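J.: Sharing a structure below in structure tokens format, with a few things to ask.
The values are calculated or read from the model by the stated rules, or taken from the named source; none is laboratory data. Because the structure is a prediction, the values reported are computed rather than measured. Counting neighbours? That spans all protein chains shown, and the Cβs are built from the backbone with ideal geometry, glycine included. In case anyone asks, the SASA skips ligands and DNA or RNA and just uses the protein heavy atoms, side chains included. Shrake-Rupley method; radii C 1.70, N 1.55, O 1.52, S 1.80 Å.
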Protein chains: 2
Amino acid sequence: MNELCHDRCSSRLRQWATVSETSEKEQTSVPIRNDLSTPDAVRAACRSEELTTQTSGLAPGFAQANLVILPRGDADEFRRFCELNPKPCPLLEVTEPGEVSLPRLAKKADLRSDLPMYRVWRNGQLTDEITNISTLWQNDFVSFLIGCSFTFEAALIEAGIPVRHVELGCNVPMFRTNIDCESAGKFRGPLVVSMRPLNASDTSRAVQITSQFPDVHGAPIHIGAPEEIGIKDLQSPDFGDAVPVAPGEQPVFWACGVTPQAALEAAKPSFAITHSPGCMFVSDLKDVSLRRTPQR
Amino acid sequence: MNELCHDRCSSRLRQWATVSETSEKEQTSVPIRNDLSTPDAVRAACRSEELTTQTSGLAPGFAQANLVILPRGDADEFRRFCELNPKPCPLLEVTEPGEVSLPRLAKKADLRSDLPMYRVWRNGQLTDEITNISTLWQNDFVSFLIGCSFTFEAALIEAGIPVRHVELGCNVPMFRTNIDCESAGKFRGPLVVSMRPLNASDTSRAVQITSQFPDVHGAPIHIGAPEEIGIKDLQSPDFGDAVPVAPGEQPVFWACGVTPQAALEAAKPSFAITHSPGCMFVSDLKDVSLRRTPQR
């Protein structure tokens, strides 16, 4: 999946650098994404395994969510981890054990099939990446749906602020930082951030806009100076795809819902399932429903 | 005035760079500023001409204001200029012609004596810099009190975000930009900005905090990349004092209430009076009264 995604990103990156009519070319090369304008359509495409890559830019206007599934025995400790780290882990929903639907987030959904790609973790090791987890499902699984920064991207774009990885049709670049999360029992680890390059005149408005979405990571945690948070090379993200940072732009970092995956590596629970980075659950929640009163 | 201020700033700059206990030394060298903790005291010190320099950091918690005084004949056009450019020119008060008190902004004040230093403009040329304008006063003078970014500095400091020129006890650096204001009749000119260096982890919060003060310039208009707004050398401000930008910090730019002075130069009204840059009217308004509902 990552290779596929990376190939597509690289080719679009060339387009971005050389031509302006990128969108037309994209439509020719990735036809399926044209139809994925509603949450239902995205979830159906996941279910039928037509869509197995990242969901950024799909079903515009609808909130996407990170997923963590744990057996009941680990769920309470993980919930505490999320509560202690609300910037990277804003909880949109925690299911009852065994529940596969999400009535508060989507009219019709099955957590076992409706994401493009899942990661399976055993003892903190990533052991598999698969498109359907039905055969692995257990009745004591508790699912955590965690807000995703894709939600505020629509608001940025609507305000005329370009989002580079959406322009390129690739996954957002994500990085482990040297900032430690608050730990909860065995769950601990570094804050993971997503990065969007912004120019000097857009950065302030981007902070204002994303501040209005506290349930999907809210305002940036860091602007510029990547080395200060332990990021050595912006072109080598730990998750997702590299995107170019143009002269006059600065990297802007938001807390990221992939943070729990780093905590799983440290906690080493016997079993866990997550989404693959960028391959989110697309909900029926409108992005605007997660927006707080805007400021002047 | 500027030389005095600059000397003090330079010596504090050395202190800032070499020692940490700056504040104690400051108190020894500039005793008068210790007592200037209330608006009344600041205005009295202006009236007695004990205070003839910039007011940043004085009467903490109270709003300060930029001043423009014009004869009635030019006042309507200038008011329109302010209304068209609310980021640099947020109007806190416009007086009736000839009025020298400001009952909405201060219980007891006289606009002719209660600022540390005034600038007198004839045909768009700065012709004089004086501490009292009583002898120049005319009964048709209309005074414009314009919000000042000093107001949000207290909120920044309270949030643990250091403000460099306050630490140094000098004036904020201000720059003409290549951004044109909206013009109103003869009033036109470049946007003037104030600059505060911030580190990468404070910048986002500083945007959030200053967004809460739309009547005192609000959020930054530009973050990083000074050359993009026509600023060639951060160490050569057009107004105020230079402050150092440390490695890992970026210059953050806010619309500034000195913008009208640039418009006066272009409009060349036969007569005008303003405050000297940084030498503000200190009001009885609490800074917090200008704060809108905070966001998470």
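J.: Name the single residue, out of those in the range A:207-230 being open to solvent by less than 10 Å² (accessible area, probe 1.4 Å) and hydrophobic (A, V, I, L, M, F, W, C), that is farthest from the other protein chains (Cβ to nearest Cβ).
T.: Among them, the one singled out is A:V216.
J.: Are any residues in the range B:91-104 touching a residue at least 24 places away in the same chain (Cβ under 8 Å), in a loop (DSSP other than H, G, I, E, B), open to solvent by 10 Å² or more (accessible area, probe 1.4 Å) and within 30 Å of B:I221 (Cβ to Cβ), and if so, which ones?
T.: Residues of the range B:91-104 that are touching a residue at least 24 places away in the same chain (Cβ under 8 Å), as a first pass: B:91-100, B:102.
Then drop every residue that is not in a loop (DSSP other than H, G, I, E, B), which leaves B:95-100, B:102.
Narrowing further to those that are open to solvent by 10 Å² or more (accessible area, probe 1.4 Å): B:95-100.
Within the range B:91-104, just B:T95 meets the criteria.
J.: Let me ask something additional. Taking B:P260 as the residue in question, decide whether it is open to solvent by 20 Å² or more (accessible area, probe 1.4 Å), away from chain A (no Cβ under 14 Å) and touching a residue at least 40 places away in the same chain (Cβ under 8 Å). Give the steps one after another, and end with the answer.
T.: Numbers: open to solvent by 20 Å² or more (accessible area, probe 1.4 Å): no; away from chain A (no Cβ under 14 Å): yes; touching a residue at least 40 places away in the same chain (Cβ under 8 Å): yes.
Taking the combined requirement at face value, the residue does not satisfy it.
J.: So in the range A:191-206, with the set limited to residues that are hydroxyl-bearing (S, T, Y) and within 10 Å of chain B (Cβ to nearest Cβ), which one is farthest from A:F253 (Cα to Cα)? It would help to see each step written out before you state the result.
T.: Pass one, the range A:191-206, residues hydroxyl-bearing (S, T, Y): A:194, A:201, A:203-204.
After this cut, where a residue has to be within 10 Å of chain B (Cβ to nearest Cβ) as well, the list is A:201, A:203-204.
On the way: A:S201: 16, A:T203: 11, A:S204: 13 Å.
Of everything passing the filter in the range A:191-206, A:S201 is farthest from A:F253 (Cα to Cα).
J.: Given the criterion at pLDDT 95 or above, buried (at least 24 other Cβ atoms within 10 Å of the Cβ) and touching a Ser or Thr at 6+ places or on another chain (Cβ under 8 Å), identify the matching residue among A:V120, A:V142, A:V192, A:V172. First the steps, then the outcome.
T.: Details: A:V120 fails: buried (at least 24 other Cβ atoms within 10 Å of the Cβ); A:V142 fails: buried (at least 24 other Cβ atoms within 10 Å of the Cβ); A:V172 fails: at pLDDT 95 or above.
Going through A:V120, A:V142, A:V192, A:V172 in turn, just one is at pLDDT 95 or above, buried (at least 24 other Cβ atoms within 10 Å of the Cβ) and touching a Ser or Thr at 6+ places or on another chain (Cβ under 8 Å): A:V192.
J.: Something else about it: Looking at the range B:48-67 only, could you name the residues that are within 13 Å of B:A155 (Cα to Cα) and either aromatic (F, W, Y) or open to solvent by less than 10 Å² (accessible area, probe 1.4 Å) (or both)?
T.: Of all residues in the range B:48-67, those within 13 Å of B:A155 (Cα to Cα) come to B:57, B:60-63.
Of everything in the range B:48-67, those that are within 13 Å of B:A155 (Cα to Cα) and either aromatic (F, W, Y) or open to solvent by less than 10 Å² (accessible area, probe 1.4 Å) (or both) turn out to be B:F62, B:A63.
J.: Moving on to the next point. Taking the range A:46-57 only, how many residues are more than 18 Å from the chain's Cα centre (by Cα) and assigned to a helix (DSSP H, G or I)? Spell out how you get there, then give the answer.
T.: Step one: list which residues in the range A:46-57 are more than 18 Å from the chain's Cα centre (by Cα), which gives A:47-50.
When the remaining residues are screened for being assigned to a helix (DSSP H, G or I), the result is A:47.
The total comes to 1.
J.: For the range A:267-296: of the residues being open to solvent by 20 Å² or more (accessible area, probe 1.4 Å) and within 14 Å of another protein chain (Cβ to nearest Cβ), which is modelled with the highest pLDDT? Can you show your working first?
T.: Let us first name the residues in the range A:267-296 that are open to solvent by 20 Å² or more (accessible area, probe 1.4 Å), namely A:268, A:270-271, A:284-286, A:288-289, A:291-296.
Now restrict to residues that are within 14 Å of another protein chain (Cβ to nearest Cβ): A:291-296.
Values: A:R291: 87, A:R292: 82, A:T293: 61, A:P294: 48, A:Q295: 41, A:R296: 38.
Selected residue: A:R291.
J.: While we're here: Which of the residues that make up the range A:231-253 are within 13 Å of another protein chain (Cβ to nearest Cβ) and open to solvent by 60 Å² or more (accessible area, probe 1.4 Å)?
T.: A:P247
J.: For B:S204, are the conditions met, namely being open to solvent by less than 20 Å² (accessible area, probe 1.4 Å), at pLDDT 95 or above and in contact with a Cys (Cβ under 6 Å, 6 or more places away or on another chain)?
T.: Numbers: open to solvent by less than 20 Å² (accessible area, probe 1.4 Å): yes; at pLDDT 95 or above: yes; in contact with a Cys (Cβ under 6 Å, 6 or more places away or on another chain): no.
No: the conditions fail for B:S204.
J.: Checking A:H217 against (1) modelled with pLDDT of 95 or more; (2) in contact with a strand residue (DSSP E or B) (Cβ under 6 Å, 6 or more places away or on another chain): exactly one of these is not met. Which one?
T.: The single condition A:H217 does not satisfy is (1).
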